[in-house]
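Take a look at the structure below.
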Amino acid sequence: MNIRQKNPEIALSNTVIAKTHFLDNVFGSANYTPDIASGTTTQWTSGLGKKFIDGRNEMGLAGIFETGMGISNNDVTFFASLIDEYRPGITLGRSQVKESKPDLGGKSQTDSLTAEMKRSWFKDRNFALQKQELSGSTFYIMDQKTLDPPTNISGQINLVISKSEYDSIAIPSNLDTTIHTPLLSFQNFSMEADNNQVPYRKAALKVNGASSSGTKTTAGLGVDLLTFNYGMLNSEAAGNVVDLESALSGILDIDEIISAIKVVEDIYFVTDDSITDFLFDRTVDETCARIRRHYYGFYVDDPKTSVLNPEITDRLKGEVLDNTLPLAQAKSGYGFRYLDVLFFLTPRKFITYKQLTSNANENGIQDNPSPYLKYGGKKIDFGQILYGFESIFFQPHYPPSEIFPPDSSTYSQTYENFPVHLVNDLAGWLANIVIPVTDFFILEQTGTSPYKENTPASNFDAYYEYSAPHADLYGNADAIGIYQAYQVLNEFAPNEGKLRLSDVFTLYYKGESELRPEINISVSPSQPFYTVTNRCKVFSLYFGFLADDSAGGYIWVPDNQTLWDKVKAPYSISNPTGKDYDNRLFKFSEFWLTRRKLFLFIEPALVADSKYHEFFISRFSNINDFDQPVLEWVKSKLSESFESKFLPFVKNLVI
């Protein structure tokens, strides 16, 4: 019988040494020296003991843990792995007693003990480490640091210190190790904050033992430990000797992104016809919307929101973002299209949920609505990819005849009178480079920044970089690339009914050879470029910045003033290359001015998806308290943002 499941309040001491903290006396012995063979780098020892740890108040977890340790030339890790959990009402599949087996033994295959744990131990348990920078030092924790109360989903606790710190442990002379093994313990757990005001816990390591009189004896070691949720207790010295990729810190590599998308596709797919189809679907656009709505939609959890009731504000903001895609909203079951955490309660699925809903650092700490995708040494805004892709999917852009004028059913009526009729202008690069013009104008006009926190420096360069970071622009470009990859896959008839969003990402980022066996492309696809190797060529051709020179090459259109003037001019039968950029940039700047100046007027219309009367639009031409000619100033800044900053950045990546 498992007495702990029957009554977890029964006092069963796991040591005769008194404890004041729930992790006291769990790790040890403090003077253990494993028999390391000559030439090995790491020795693992499992099964040092089993301890009951009641961390329900501290980390949302209690149960029987198996303890062990590993020691290498660089660092030492003590671990406690959950084998029998007590958690009322939620078992996560760990409610039964499990057979205890040593999981690791022998020498490491890497120089770093923690890297070895990631390679084998962490990988097997389907979670990863999160890299954090605190006070100039790097260390690693598990799960997400912002959970409140802290929750250790992984069921793994690790205490990692450097080898030199371990070697310096001195067992006080008044301890009798024949009476009780000296164990590691903690003192002075306190809440701290780093230079960016990110909270974490800090404690000092000490040794607990017994003397001949049987009394508890403690001695501080002078080693500080850092932790967020008691998953990883890491000394700063140990944190500096490991080299791991980020996990739940809001940065995912392409394999992690594709794997996460596949998990979502598998969860929301059933073959039982009795279950409502729209609840479980995995078509390309439906999976995209299901994830995207957590960044740019009703389920947004925007860390930049700063009001008395952020939950309500996020919901309203999400409604506005959803309304920009009326054709997506019109699809059956759109309201149910989101990531329901109740479907992600197994450890592997929960990690996927936390990865997809994590926030990257953009201009502050975890202030981006979505995670970043890391590829080719570049950070790419994953949310911008999905939002931009859907904007093109439901309102196809170029050739111009497809969108000029765009059908009114393809955009929200709130934008009718500005006019801002192209959804990608809201979801793509144009918004990113126009917003800093309007925001900097407000600063110049009023002397007050429209940003309430993480305010950029008071110059236009800073405002541009704040609004149009490279990660956003790469996301804008990859949105077009993903759309081109989708077109190539979708036009191949044998793929009908089988195509998934993960296939599209696989083709674009990894190539045709990595596609599933049942997914293929035509021998002669309609699109000449559809992989990330041609990212900026795809993007530039699509928006008219690059043109075929009819001699097997390409020309950068802005370098040819005649051609460029035609591209910036309105579209017409006689000017089929026209994109109307001058007007689109200016009209968007007035939309953003209205949203900044008349928030209480326009926000209800945006939420209700209703037409906004042009009488209430803030026009630059009506502003008379600016110390320069307003229209000239705005158009000059728009030109600077577009032609002096954005286009040279793109050209540098294309040519």
Note down all Cβ pairs under 9 Å where the first residue falls in the range 46-75 and is more than 17 Å from HIS21 (Cα to Cα), the second is among the acidic types (Asp, Glu) and surrounded by 22 or more Cβ atoms within 10 Å (Cβ to Cβ), and they're at least six residues apart or on different chains.
-> GLY70/GLU116; SER72/GLU116
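Among ASN309, ASN323, which is modelled with pLDDT under 85 and over 20 Å from the mean Cα position of the chain (by Cα)? Talk me through it step by step, then tell me what you get.
Working: ASN323 fails: modelled with pLDDT under 85.
Residue meeting the stated conditions: ASN309.
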Scanning the range 34-79 residue by residue, those modelled with pLDDT under 70 and in a strand (DSSP E or B) turn out to be THR42, GLN43, TRP44, THR45, SER46, GLY47, LEU48
What single numbered condition from (1) in contact with an Asp or Glu (Cβ under 8 Å, 6 or more places away or on another chain); (2) under 24 Å from PRO369 (Cβ atoms); (3) outside any helix (DSSP H, G or I) fails to hold for ALA457?
-> (1)
Tally of residues being among the charged types (D, E, K, R) and touching a strand residue (DSSP E or B) at 6+ places or on another chain (Cβ under 8 Å) across the range 426-482 = 2
Does TYR463 count as in contact with a helix residue (DSSP H, G or I) (Cβ under 6 Å, 6 or more places away or on another chain), open to solvent by 20 Å² or more (accessible area, probe 1.4 Å) and part of a helix (DSSP H, G or I)?
-> no
Subset tally (residues that are open to solvent by less than 40 Å² (accessible area, probe 1.4 Å) and charged (D, E, K, R)) for the range 344-368 | 2
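A quick yes/no check of all residues on (1) open to solvent by 60 Å² or more (accessible area, probe 1.4 Å); (2) within 32 Å of the chain's Cα centre (by Cα); (3) over 28 Å from LEU647 (Cβ atoms):
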{"residue": "TRP556", "(1), (2), (3)": "no, no, no"}
{"residue": "PRO570", "(1), (2), (3)": "yes, no, no"}
{"residue": "ARG584", "(1), (2), (3)": "no, yes, no"}
{"residue": "PHE588", "(1), (2), (3)": "no, yes, no"}
{"residue": "PRO604", "(1), (2), (3)": "yes, yes, yes"}
{"residue": "ALA608", "(1), (2), (3)": "yes, yes, yes"}
{"residue": "PHE616", "(1), (2), (3)": "yes, no, yes"}
Identify all residues within the range 530-554 that are open to solvent by less than 60 Å² (accessible area, probe 1.4 Å) and of a type in the set (A, V, I, L, M, F, W, C); write none if there are none.
-> VAL532, CYS536, VAL538, PHE539, LEU541, PHE543, PHE545, LEU546, ALA547
Would you pick out the residues in the range 498-529 that are touching a residue at least 60 places away in the same chain (Cβ under 8 Å) and open to solvent by 40 Å² or more (accessible area, probe 1.4 Å)?
-> ARG500, LYS510
Which ones in the range 326-337 are touching a helix residue (DSSP H, G or I) at 6+ places or on another chain (Cβ under 6 Å), at pLDDT 90 or above and part of a loop (DSSP other than H, G, I, E, B)?
-> ARG337
Residue check, ARG535 within 25 Å of the chain's Cα centre (by Cα) and within 27 Å of ILE655 (Cα to Cα) | yes
Does LEU175 satisfy being of a type in the set (A, V, I, L, M), part of a loop (DSSP other than H, G, I, E, B) and at pLDDT below 70?
-> no
Which residue, of LEU585, LEU606, LEU600, LEU638, is part of a helix (DSSP H, G or I), over 30 Å from ILE555 (Cβ atoms) and in contact (Cβ under 8 Å) with a residue 60 or more places away in the chain?
-> LEU606
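The values are calculated or read from the model by the stated rules, or taken from the named source; none is laboratory data. Note that the structure is predicted; figures quoted are calculated from it, not measured. Cβ: placed from backbone, ideal geometry, glycine included. Neighbour counts: every protein chain shown. Remember, those area values only see protein heavy atoms, side chains included, never the ligands or the DNA or RNA. Shrake-Rupley method; radii C 1.70, N 1.55, O 1.52, S 1.80 Å.
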